[in-house]
Every structure is written in structure tokens, then in C-alpha cells.
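Only one structure is covered here, and it is reproduced in the block below.
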């Protein structure tokens, strides 16, 4: 690799593009239908809803319910398990299987500890962390597989 030409631009052909190339591209872009009104309509609707909520709230104080950390962690854990079922559908590579196996083993150890201490927030936090890693691992593998298919 040449340090003065790291992107190998010198190997590009010296041919010039036809003079009417940009006109053809512009004509094709102009011929495509533009569908911007649905986004504008959605934005206006959102603005009206938010403005209505602010107007109705007036000077009333906002009441915030205290959240139970344990309940939040359990809810997030259940959501991640549902997400995991969705992403477990496709084929995965051996490296992903090895990493997923290690994460699933860690999850099994956490679940075993939770059987003895079901109210331990630290364990639920670890369980959520491992499930997030698993979902992310499988989702990334699926995304990469789809990107490879798109290139074909």
C-alpha cells in the first residue's frame, strides 16, 4: 500500500464520464415520485397531540409514581426474552455460537442464583445485561447476514 495513495486512487481509469451523464441522472431523480406529505402530516399530528397535552396540563403539578427497581428489571428481562425468541430464528456462524454458548452458560448460573435469591436486584441487573448481550449478538449476526445477501 502506497502511503501517498492509501485509497489507490491512482489505479482508477482515466476515462471521463459522458457529458450528458449528470443530465440523465437528474432526469431519473426528477421522474421518481416524491412522497414527503405523509411525514409532514405525521409531524403535524404529533405537534397537535403534544400541544394539546401541554395545554390540558396547565399549571397542574406532574405526579410521578415511584418505580420499583426490581419490577423494572424483571419487566426488562421478560422483554429481552421475547426479543431473543424473535432473533433466534436464523442461521448463525460458529463464532457466534461459541460466544452465545458462553453467555447462555452465564445466564444459567444467574438463573440458578435467582432461584435461591429471587429478590436480589444485583442478580436481575446481571441477567438483563447478559440478555442484552445475547440479543445484540444474534441481532448483529442477522443484520450482517442480511447485508451480505443484499450485496449479492
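The values are calculated or read from the model by the stated rules, or taken from the named source; none is laboratory data. In this text, all values refer to a predicted model and were calculated from it rather than measured experimentally. As a convention, Cβ positions derive from the backbone with ideal geometry for all residues, glycine included, and neighbour counts pool all protein chains shown.
Among the criteria (1) at pLDDT 75 or above; (2) within 30 Å of residue 118 (Cβ to Cβ), the one residue 66 does not fulfil is (1).
Let's see how each residue does on (1) buried (at least 17 other Cβ atoms within 10 Å of the Cβ); (2) modelled with pLDDT under 90:
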{"residue": "77", "(1), (2)": "yes, no"}
{"residue": "87", "(1), (2)": "yes, yes"}
{"residue": "106", "(1), (2)": "no, no"}
{"residue": "109", "(1), (2)": "no, no"}
{"residue": "113", "(1), (2)": "no, no"}
{"residue": "119", "(1), (2)": "no, yes"}
{"residue": "124", "(1), (2)": "yes, no"}
